[in-house]
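Taken together, the values in this text are just the output of simple stated rules run on the coordinates, not laboratory data. Small disclaimer: the values here were computed from a predicted structure and weren't measured. Cβ coordinates were reconstructed from backbone atoms using ideal geometry, including for glycine residues, and neighbour counts include every protein chain displayed.
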Amino acid sequence: MDRNHPAFARLPPWVQSKIRPQAVETIKKVWDWVETECVPAEPIMKAQLANDRWKTPQLMHDLRAKAKAAGLFNLFLPNHFKESPGLTNLEYGCCAEIMGRCYWAAQTMNCQAPETGNIELLAKFCTDEQKAKWLKPCMEGTMSSAYSMTEPDRASSDATNIGCRMEITDTEVIINGRKLYGNAQWNEDLGIYILMGCSDPNNPNPWNRHTTVVVPARAPGLTMKRNITIMGYDHAPEGHGEYVYENVRVPKENIILGPGRAFEIAQGRLGPGRIHHAMRLIGQTERAYELALIRCTDPIKKPRGKLIGEFDSNIERIATMRLELDSMRQVVLNAADTMDLYGGKAAKYVIAQSKILIPKMAEEIINECMQMFGGQGLTQHTALPEMWTYARFVRVADGPDSAHKHQVGRDQIKTAPNIRERHKKYQQIHKQLCETHGVEYVPYGAIDY
Ligand SMILES: Cc1cc2nc3c(=O)[nH]c(=O)nc-3n(C[C@H](O)[C@H](O)[C@H](O)COP(=O)(O)OP(=O)(O)OC[C@H]3O[C@@H](n4cnc5c(N)ncnc54)[C@H](O)[C@@H]3O)c2cc1C
């Protein structure tokens, strides 16, 4: 590996040493792809979208066909799946950062959210018959999918609250309820909603009340009321919908894994997705940082006759942002490696660490970059406002960071009894040492054992 290649230069040595030769080649290809086919084409994609907000631009179709032919499709699917192109979570994490440099680059490689989580779900839990219907077209990129769990009238971060009613008969599932989020029905590429609903509300075990079912995107009775914007952005042409289900009927064979098993599915879905979002955000933040460096050294804009990079406060800002970005990468790649070595369950804490720390830090860094850019940094003259919005929404998407903090905090408090025992032993030895050395024993605080 050429450690000075821009795709590897900022990876810590422990990561560089774990990347296999075949993955080195893939990561380099992803770098070349994003740098030459995506970043320079950003204004073209915007212009094509302006013509028709809810149609996937021709450029996106063309790039997807080209990326697929170049073997750059579905790289995210980890190597324990038989359908996987063969990367580990750690190796894919390095690719995801590069993809994040352009907001839509991941989509050219069929590696965008929520498609990645959905494909992983379908690969993990579907029967061969179901895989042929839904997994195959999603992986081939001829159809896209949405995940639909959140509801407007429920606290959906606690999914036991999900209320969309599913009545399961001998032959079909009848669905009634409201949903918020999940890609817009208006885009013709969207083929299915993977829907979580409540099929057994009286089951004494709240974790067995819910079912996951696949609903065709244009099933009779399913209406998208409107597109919801994210801080003013419509996120076209995929968007986010607000939906009403009125007696929507789907065959019983569309149930994934079985009635009452939605939590087994939901729990497996989000771990890798959180790592992907965090790595892509690091890529976006690196681009924001590059803009700040460019503005710092711009010779035509000199307040008080100085480059803004000559003011001490900005030199410090640049240093702090660099240090933070490099530590963010360590956190997320550690989570990816833990998943590879010990599995998703064992990686729970490090995934939460990524989910909590990265969006918040990215939000702060991009905010500083906007500040350094001045007035233009808040306008469409730069991509900084969109980057900042991305960082901000990842604090909520895939579960709010507060819920993860709650879990981490509760787990930490459970460690207190063991720590207390250890401190008790220190105190006992301390007491003996006082006797040996003839020093008066003074217990500290209220902890006198
Ligand atoms: C851009 C974007 C895309 C999304 N895409 C999808 C999608 O494709 N499919 C889908 O189903 N959903 C999607 N969502 C929705 C998202 O997953 C939910 O908004 C999220 O899970 C929170 O649920 P809620 O909005 O019902 O908030 P609530 O559950 O009502 O929570 C509200 C707030 O309460 C606080 N809170 C909650 N739990 C705790 C806790 N344990 N401790 C302390 N505070 C807590 C948090 O501050 C939280 O933000 C998307 C959201 C965004 C922003």
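Along the axis of the charge dipole computed for the stretch 260-301 (Cβ charges of +1 for Lys and Arg, -1 for Asp and Glu, origin at the Cα centre), the listed residues HIS276, GLY260, PRO299 are led at the positive end by GLY260. Efficiency by 1/(1 + (r/R0)^6): what FRET value for HIS61 and HIS5, r their Cβ-Cβ distance, R0 = 45 Å, to the nearest 0.05? Using R0 = 45 Å, I get an efficiency of 0.90.
Legend: Rg and Dmax of the stretch 264-413, from Cα coordinates, 17.6, 62 Å.
In this rough spin-label picture, where each label sits 7 Å from Cα along the Cβ direction, the ALA219-ALA70 distance is 3.8 nm. Applying 0.36 nm per residue to the separation of TYR342 and LEU323 and subtracting their alpha-carbon distance, the gain on full extension is 4.0 nm. FRET efficiency for the pair ARG165 and ARG53, taken as 1/(1 + (r/R0)^6) with r the Cβ-Cβ distance and R0 = 30 Å, rounds to 0.40.
For the chain, the mean residue ellipticity at 222 nm estimated from helices alone is -15000 deg cm²/dmol, where every DSSP H run of n ≥ 4 contributes -39500 (n - 2.57) and the total is divided by all residues, rounded to the nearest 500.
Computed from point charges on the beta carbon alone (+1 for Lys and Arg, -1 for Asp and Glu), the dipole magnitude for the chain about its Cα centre is near 380 Debye. In the stretch 89-202, Rg over Rh equals 1.01, where Rg is the alpha-carbon radius of gyration and Rh the Kirkwood radius from pairwise Cα distances.
Which of rounded, prolate or oblate describes the stretch 13-112 when judged by the alpha-carbon gyration tensor and an a/c cut-off of 1.5? It is prolate, given that a/c is not under 1.5 and a/b is the larger ratio.
Remark: spin-label model distance GLN330-LYS405 equals 2.3 nm, labels positioned 7 Å along the Cα→Cβ axis. Full extension of the chain between HIS423 and ASP153 yields a length gain of 92.5 nm, computed as 0.36 nm times the residue separation minus the alpha carbon distance. Positive-end ranking of CYS434, GLY182, CYS138 along the dipole of the chain, with charges on Cβ about the Cα centre, is headed by CYS434. Computed from point charges on the beta carbon alone (+1 for Lys and Arg, -1 for Asp and Glu), the dipole magnitude for the stretch 142-226 about its Cα centre is near 280 Debye.
For the stretch 144-255, the pair-distance distribution built from all alpha carbon pairs, in bins 5 Å wide starting at 0, is 2, 13, 23, 25, 19, 11, 5, 2, 0 percent.
Nearest 0.05, what FRET efficiency do MET231 and HIS430 give at R0 = 51 Å with Cβ-Cβ as r?
The value I calculate is 0.40.
Here the spin labels are modelled as points 7 Å beyond Cα on the Cα-Cβ line, and at ILE174 and LYS414 they lie 4.2 nm apart. Under 19 Å from a label point set 7 Å out along the Cα-to-Cβ vector of GLU264, the amide N atoms of the stretch 163-183 belong to 168. Rg over Rh for the stretch 203-307 works out to 1.23, using Cα positions for both radii and the Kirkwood form for Rh. Each of GLU25, GLU324 has some number of other Cβ atoms within 10 Å of its Cβ, and from fewest to most they run GLU25, GLU324. For the stretch 251-348, applying the loop criterion from DSSP together with a ceiling of 16 other beta carbons within 10 Å to the trypsin sites (Lys or Arg not before Pro) yields LYS301, LYS306, LYS345. Take the Cα of PHE311, go 7 Å toward its beta carbon, and the backbone nitrogen atoms of the stretch 272-298 under 12 Å from that spot belong to 296. Taking N as the residue count of the chain, its C-alpha radius of gyration divided by 2.2 N^0.38 Å amounts to 1.11.
When each of the peptides 31-39, 125-133, 155-163 is scored by the mean number of other C-beta atoms lying within 10 Å of its residues, the order from highest to lowest reads 31-39, 155-163, 125-133. At a Cβ-Cβ separation cutoff of 4.7 angstrom, cysteine residues of the chain with no neighbouring cysteine are CYS94, CYS95, CYS111, CYS126, CYS138, CYS164, CYS198, CYS296, CYS369, CYS434. Charging the Cβ of each Asp and Glu at -1 and of each Lys and Arg at +1, and nothing else, the dipole of the stretch 77-212 about its Cα centre rounds to 160 debye. Picking from LEU11, PRO57, PHE81, whose Cα lies most toward the positive end of the charge dipole for the stretch 1-91 (charges on Cβ: Lys, Arg +1; Asp, Glu -1)? Farthest towards the positive end: PHE81.
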